[in-house]
Structure formats: structure tokens, C-alpha cells
Amino acid sequence: MILPLEGVVVLEFAQFMAGPSAGLKLADLGARVIKIERPGAGESGRKIAIKNLFIGDDSLVFHTINRNKESIEANLKDEKDLAMIRKLLLRADILLHNFRPGVMEKIGLDYDSVKRLCPTMIYGEITGYGKEGPWTKKPGQDLLVQSVSGLAYLSGNRADAPTPMGIAVSDMLTGAHLVQGILAAMIQRGRTGQGAKVSVSLLESTLDFQFEGLTTYLNSGMQAPIRAEQGNANAFLGAPYGIYQTSDGYMAVAMVPLARLTEAMEVPLPAEYREPTTWFDQRDAIMRLLASYFIKNTSDHWVEIFDRQDLWCMPVLDYKELLEQEAYRVLRMDQEVVTKRGEVLKTTRCPIRIDGERLFSSKSAPEVGEDSAVIRREFDL
């Protein structure tokens, strides 16, 4: 199978999560992604471990987000190595980085400098908060961005402290946005023959992620979102939308008219809740009423009832339960990656399919400078 980006060369000056996640998507779509890494130590993300899990000398998460790439060592403070990188740029299609503002300018690899050298270059950059304003030098880190963006006030129940999402959602969203911009710029380059600069930031991507909530806030007299007392799932939606405990687990109830849900559950609906206008204002009282019925039966019991009437409800599963589902198995989302030393780790595949074909890659993340000799020979560096 010929992948869409085969023949495209990407130079990745990136570390930690956001930038490398963009490089990973490009690699999975067929691009040749070459990480530019510090001699010896490599990029900082190699030592950032989740649950203290390592494969060889590098963290497990580094392997999962940098699989399917190559690595060349270069000291960007050394003029000889910089000259080598500039020569390599002449053979590349895309450059991406997620350094703080000013770093690439300092070493002469900012967009204007690269454009003079390579007018067709697609130059992608990720910052934490953009390149203007008082936060430009603040650390662009996922939890910090979730916190300042308002996102942490949407999860959890009303009495809970601010609750960030349990994954690096700002990093992943920003990486995906960078890839979208890069692919759009490649289409433009096909028409004009000119490169482009694509800029995204963690903060802007996280704000865009909340366009529904921010739009509601801006058009409702600046009224702050109010989380439900229990089972909160969306601070802007009324009952019955939310999470309910059953006798053996939890149920998620989505876009279901309250009257249809109570009829299916054989719950008497008080007259004061029959008007849809009450479903948000009286959300907590309605959800308490429903919760008193959900707890009486199992999740499977409610799923069977709701499925018969095409009501949008699903059980809440943990990872163990999810992986036991046939619905998960048929997706074939997991794959094995084999390191140079023979270690095998399991991770997820690219979620994109091309002409119905799933995209798998067993190549693990490279060791620091693993491909230096090959790249130097091939590109005459």
C-alpha cells in the first residue's frame, strides 16, 4: 500500500508530547520523519516516564509517541552541526518544532531564515501561548494550559475542585491541529509552489476545544458554567444528560428527551418537570430522581431496555472492560512495536484508515542518533 505522504521528508525539532505527536501522525501517513536530537542525551521527553515505565533507557511514552521515526544527532549550538542541518533542510519538505519563542531565532532556524534557504518549506511551530502577550515565556505544559484555559472547571461535580482531564489532551489536540495546518499548506504549495508558516499554540487549541462552552458563555450574559451536583457530564446541558450509578456500575445517558427516558424506565415524571425549559433549571432535582431508579438494576438491564427503544445510553467501562468488548476487538486498534534491542511493547495504531486499510507500523522509537550514519551518507552531509 502506498501511503499518502510517502516521499515527504520531515525534520522534527521537538520534545515531550505536542510536537512529537504531530510528527507521529505524519509518519503514520507515510512521511519520513527525522528527529534532530542533542548528542548523547537526545530530546528531553526520553526521560519523562508515566508510571515509571521504561523500555531500555527511554520512557515507555517516548517509545509510543516517537515510533516510526529516525534520529540524527546534532548540537544546535555548534556551527558545524548547524551547517549540516541547513544542508539537510535543502532536502526536506517540512520542518516542525515546539521550542519556546526565541529559541529558533537564536540559532538561525526561524521561519524567515529557513524561507530564504528553502522557499518551498512548510514550517510548523507549536508554542504554549502564542508569540505575543505576557504569557509567551511561561512553560507550555499540558496541565498548566488546561488550568488557565478554563477547561478544568468543566469536569467533575459541582463540589469538586477544578478537575483536569486525565490525559494530555491539550498536547494531543495541538499536535493534531498542527498536522491539519501542515497538510493544508502542502495543498497550497501544490498550487503556488511556495511554502508557508503554520503556527499553533497549546492555549489556542484548548480554547478551540471548548468552542461550545465559550460560545455559550459569551452569548448568555457571561454566566459561569455550573456543574451538576452529581453525574456531571456537560456543564451546559440539562437533565437527563450525565452519569448514573447502577447496582453494578455506571451508565451514561446522552441526548435523550426526559419524557422518553422516564417512560422507558417506568418512572413517574412529576408535572413540574414536563416542560423542557425545566430540564436545565431543575437539573439536579431531576438527576437525583433518576439516580434513585438507576441504582435499583444492573447496567446490562438498563442497556437492554434503552436499546429496544433506541435511546442514547451506554455503560461506563474501565480499560479492562473495554478491552474485553467485541466492539473493541474488531477495530484492531492495538499493535506491537519491536525495539532495536528486541523488546516488544503494545500500543495503539494510527486511527486513520486509507481506502479501508488500517495503518500499522512495528518500528519503535529510535535510539539517540541511531540513524545518523545512514542519513549523513544518504544526504551527503
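Just one of LEU88, LEU96, LEU109 is hydrophobic (A, V, I, L, M, F, W, C) and closer than 18 Å to LEU202 by Cα; which is it?
Selected residue: LEU96, the only one of LEU88, LEU96, LEU109 that is hydrophobic (A, V, I, L, M, F, W, C) and closer than 18 Å to LEU202 by Cα.
Find the strands (runs of 3 or more DSSP E) located wholly in the stretch 1-103 whose residues include 3 or more that are crowded, with 23+ Cβ neighbours inside 10 Å, and list them.
9-13, 32-37, 94-97
Determine if the stretch 164-175 includes at least one residue that is in contact with a strand residue (DSSP E or B) (Cβ under 7 Å, 6 or more places away or on another chain) and either outside any helix (DSSP H, G or I) or at pLDDT below 95 (or both).
no
Among the numbered criteria (1) touching a Ser or Thr at 6+ places or on another chain (Cβ under 9 Å); (2) farther than 30 Å from ALA252 by Cα, which one does PHE360 miss?
Tallying (1) touching a Ser or Thr at 6+ places or on another chain (Cβ under 9 Å); (2) farther than 30 Å from ALA252 by Cα, PHE360 fails exactly one: (1).
So for the stretch 231-249 (the condition being exposed (fewer than 14 other Cβ atoms within 10 Å of the Cβ) and either modelled with pLDDT of 95 or more or on the phi > 0 side of the Ramachandran plot (or both)), does at least one residue qualify?
yes
Taking the stretch 182-221 as the region of interest, how many residues are over 15 Å from the mean Cα position of the chain (by Cα) and either assigned to a helix (DSSP H, G or I) or surrounded by 11 or more Cβ atoms within 10 Å (Cβ to Cβ) (or both)?
26
Take the stretch 333-373 and flag every residue that is β-branched (Val, Ile, Thr) and in contact (Cβ under 8 Å) with a residue 12 or more places away in the chain.
Passing the criteria: VAL337, VAL338, THR339, THR347, THR348, ILE352, ILE354, VAL368.
Does TRP312 fit the bill of being at negative phi, touching a strand residue (DSSP E or B) at 6+ places or on another chain (Cβ under 8 Å) and not aliphatic (A, V, I, L, M)?
Criteria met by TRP312.
Evaluate the following for LEU109: is it over 25 Å from the mean Cα position of the chain (by Cα), surrounded by fewer than 20 Cβ atoms within 10 Å (Cβ to Cβ) and of a type in the set (A, V, I, L, M)?
no
Is the stretch 283-306 home to any residue that is part of a loop (DSSP other than H, G, I, E, B) and either among the acidic types (Asp, Glu) or closer than 30 Å to GLY356 by Cα (or both)?
No.
Considering (1) in a helix (DSSP H, G or I); (2) over 30 Å from PHE236 (Cβ atoms), say which one GLN146 fails and leave the rest.
(2)
Mind checking which residues of the stretch 124-143 are touching a Leu at 6+ places or on another chain (Cβ under 9 Å) and assigned to a helix (DSSP H, G or I)?
ASP142, the sole residue that qualifies.
The values are calculated or read from the model by the stated rules, or taken from the named source; none is laboratory data. Note that the structure is a prediction, hence the values are computed from the model and not measured. Here Cβ is always computed from backbone atoms with ideal geometry, including for glycine, and neighbour counts include all displayed protein chains.
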